[in-house]
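Novice: Okay, here's the structure, questions in a sec.
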Amino acid sequence: MTEQALSLLQEYVEQGADTRKDFFQASGEQVAEVAKLMAVTLVRGGKILFCGNGGSAADAQHLAAEFVSRFEMERPPLPAVALTTDSSVLTAVSNDYGFEYVFSKQVKALGREGDICVGISTSGTSPNIIQALHMAKESGLVTVALMGAQGHMREICDHALCVPGQRTAHIQEVHIVIGHLLCRLVDFYLFEAADQLQPYL
């Protein structure tokens, strides 16, 4: 490996580690609170809806799969849906109404009061995610944003998990760490410390 390539590698790793550290120092308690909220929602018979574009669409699918299949422990499947996977719905809504509405239409159709809608956007300005969150609020869903440090999503969400990073890739990397921790903590609250949920039920 050349010295220049090694330097680029080290710089990237150090910046990414700093972004992750800064976020969890500032917002670790907020992540735990969102996980508790998700656990309460699931106990009450609700579900979690995920949406995102590009790499964030992959994150939405990844996290829905962790809930429905399993994360690290054997436990019953948990109801979660990625709104990014049905190509017929996505193309029909895009064709008939516009790409801005591909997620909000699904939130209206599938979401129920008390469910949770998680919008993932590194920029915090994706029009279709913003539309989905607005529809979720109108329909009585709790709204959660995984985003960067800026963007309109912060203003319209009940819980905004904002990652203070300059590079999109580093924000995305922290988003999936947040997602994995939400999975782990939901399992903790549901199957290891269910007594902690009683005051919320």
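Novice: Can you sort 189, 12, 200 by solvent-accessible area, 1.4 Å probe, largest first?
Specialist: So, going from the largest accessible area down, we get 200, 12, 189.
Novice: Please work out the Cα convex hull volume for region 153-201 and give it in Å³ per residue.
Specialist: Given the Cα convex hull of region 153-201, per-residue volume reads 91 Å³.
Novice: Give, as a single signed number, the net charge of other residues whose beta carbon lies under 12 Å from the beta carbon of residue 143, with Lys and Arg counted +1 and Asp and Glu -1.
Specialist: -2
Novice: Another question, if that's okay. Mind giving me the nanometre distance, one decimal, between the label points for residue 97 and residue 191, set 7 Å out from Cα along Cα→Cβ?
Specialist: Result for the modelled spin labels: 3.6 nm.
Novice: Could you work out the mean projected area of the convex hull around the alpha carbons of the chain, in square nanometres to one decimal?
Specialist: 12.7
Novice: Can I ask one more? Set the Förster radius R0 to 41 Å, insert the Cβ-Cβ distance between residue 73 and residue 11 as r into 1/(1 + (r/R0)^6), and round the FRET efficiency to 0.05.
Specialist: 0.65
Novice: Quick one: if you take sqrt(5λ) for each eigenvalue of the C-alpha gyration tensor of region 50-156, what semi-axes come out, biggest first, whole angstrom?
Specialist: 21, 16, 14
Novice: Another question, then. Which loop-located GluC sites (Glu not before Pro) does region 1-76 contain, where loop means any DSSP state but H, G, I, E or B and the Cβ has at most 12 other Cβ atoms within 10 Å?
Specialist: For GluC sites (Glu not before Pro) across region 1-76 that sit outside H, G, I, E and B with at most 12 neighbouring Cβ atoms in 10 Å, the list reads 72, 74.
Novice: Just the accessible area for residue 188, please: 1.4 Å probe, Å², rounded to the nearest 10?
Specialist: About 70 Å², rounded to the nearest 10.
Novice: While we're looking at this one, here's another question. So, in Å, what gap is there between the alpha-carbon centers of region 29-66 and region 159-195?
Specialist: So the two Cα centres are separated by 9 Å.
Novice: What's the carbon and sulfur percent of region 23-108's accessible surface, probe 1.4 angstrom, rounded to a whole number?
Specialist: For region 23-108, the apolar C and S fraction of the accessible surface comes to 52 percent.
Novice: For region 30-103, report the translational diffusion coefficient in µm²/s to the nearest whole number, using Stokes-Einstein at 37 °C, 0.692 mPa s, and a Kirkwood Rh over Cα pairs.
Specialist: 242
Novice: For every other residue with a beta carbon closer than 11 angstrom to the beta carbon of residue 193, add +1 if it is Lys or Arg and -1 if Asp or Glu, then tell me the sum.
Specialist: -2
Novice: For residue 137, which lysines qualify as cross-link partners when the Cα separation must be under 20 Å and same-chain residues fewer than eight apart are set aside?
Specialist: Candidates past the 8-residue exclusion: 36, 47, 105, 108.
Novice: Given 57, 13, 80, which one lies farthest toward the positive end of the charge dipole of region 10-130, if we put +1 on the Cβ of every Lys and Arg and -1 on the Cβ of every Asp and Glu?
Specialist: Among 57, 13, 80, the one farthest towards the positive end of the dipole of region 10-130 is 80.
Novice: Work out the length of the dipole vector of the chain about its Cα centre, built from +1 on the beta-carbon of each Lys and Arg and -1 on the beta-carbon of each Asp and Glu, and round it to the nearest 20 debye.
Specialist: So the dipole magnitude of the chain works out to roughly 460 debye.
Novice: For region 99-201, what size does the Cα cloud have along each of its three principal axes, sorted from largest down, in whole Å?
Specialist: Here the Cα extents, ordered largest to smallest, are 41, 33, 19 Å.
Novice: Further question on the same structure: Given 10 °C and 1.306 mPa s, compute D for region 69-118 with the Stokes-Einstein relation, Rh being the Kirkwood radius over Cα pairs; round to the nearest whole µm²/s.
Specialist: 126
Novice: What number, in nm² with one decimal, is the all-direction average of the projected area of the convex hull of the alpha-carbon atoms of region 1-70?
Specialist: Averaged projected hull area, Cα only: 7.0 nm².
The values are calculated or read from the model by the stated rules, or taken from the named source; none is laboratory data. The shown structure was predicted, so the numbers you read here are calculated from the model rather than taken from an experiment. Cβ coordinates were reconstructed from backbone atoms using ideal geometry, including for glycine residues, and neighbour counts include every protein chain displayed. These area figures cover heavy atoms from the full protein model, side chains too; ligands, DNA and RNA do not enter into them. Shrake-Rupley method; radii C 1.70, N 1.55, O 1.52, S 1.80 Å.
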